[in-house]
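Each remark here refers to the structure printed beneath this line.
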Amino acid sequence: MALGAFAAHGLKSTIQADMFAVFETGVRYQMYHSFALFAAAWGFARWQARAFALAGWLFVAGIVVFSGSLYLLALTGARWLGAVTPLGGLAFLAGWLCLASGAALKMRT
């Protein structure tokens, strides 16, 4: 919420429109995956399965790498950070796979 408010009120007039959109993408994905973190925590609290703990750590890594690289790209203009961003996306995908597999395994038992 704070990053979104910062972008809307303090950042919009100081950076180019394309970099503002990059920053907003980082905020959006961070928000979505913070909800995924709650799902992973709930799954771990209920079933104590390692898949949920791993999913949580992968979501944290994805937020730091994906969203963090987009924030830095938007604020600094360092284009090389765009090459780092997909690694965060892979962490997000792996997190979702762990969350789904943990849920599927525990729902069957």
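Of all residues in the range 39-53, count the ones that are aromatic (Phe, Trp, Tyr) and within 12 Å of Met107 (Cβ to Cβ).
Going through the range 39-53 one residue at a time, the tally reaches 1.
I'd like the residue in the range 32-48 that is open to solvent by 100 Å² or more (accessible area, probe 1.4 Å) and hydrophobic (A, V, I, L, M, F, W, C) and, out of all such residues, is nearest to Gly102 (Cα to Cα).
Going through the qualifying residues, I end up with Trp42.
Does Ala39 qualify as being of a type in the set (A, V, I, L, M), touching a helix residue (DSSP H, G or I) at 6+ places or on another chain (Cβ under 8 Å) and under 18 Å from Phe6 (Cβ atoms)?
no
Residues that are modelled with pLDDT of 95 or more, at least 3 per element: which helices (runs of 4 or more DSSP H) completely within the range 1-76 meet that? Full working, then the answer.
Working: elements: 2-6, 17-47, 50-62, 68-76.
Those helices (runs of 4 or more DSSP H) span 17-47, 50-62, 68-76.
Every residue in the range 12-29 that is open to solvent by less than 60 Å² (accessible area, probe 1.4 Å), within 21 Å of the chain's Cα centre (by Cα) and in contact (Cβ under 8 Å) with a residue 24 or more places away in the chain, please.
Selection gives Met19, Phe20, Val22, Phe23, Thr25, Gly26, Val27.
Being of a type in the set (Gly, Ala, Ser) and touching a residue at least 60 places away in the same chain (Cβ under 8 Å) narrows it down to one of Gly43, Gly68, so name that one.
Exactly one of Gly43, Gly68 is of a type in the set (Gly, Ala, Ser) and touching a residue at least 60 places away in the same chain (Cβ under 8 Å), namely Gly43.
Before we move on, is Ala53 of a type in the set (A, V, I, L, M), over 30 Å from Ser13 (Cα atoms) and out of contact with any helix residue (DSSP H, G or I) (no Cβ under 7 Å at 6 or more places or on another chain)?
no
The values are calculated or read from the model by the stated rules, or taken from the named source; none is laboratory data. These numbers were taken from a predicted model, which means no experiment stands behind them. Heads up, the Cβs are rebuilt from the backbone with ideal geometry, glycines too, and the neighbour counts pull from every protein chain shown. Side chains are part of the model used for accessible areas, which takes the heavy atoms of the whole protein and leaves out ligands, DNA and RNA. Shrake-Rupley method; radii C 1.70, N 1.55, O 1.52, S 1.80 Å.
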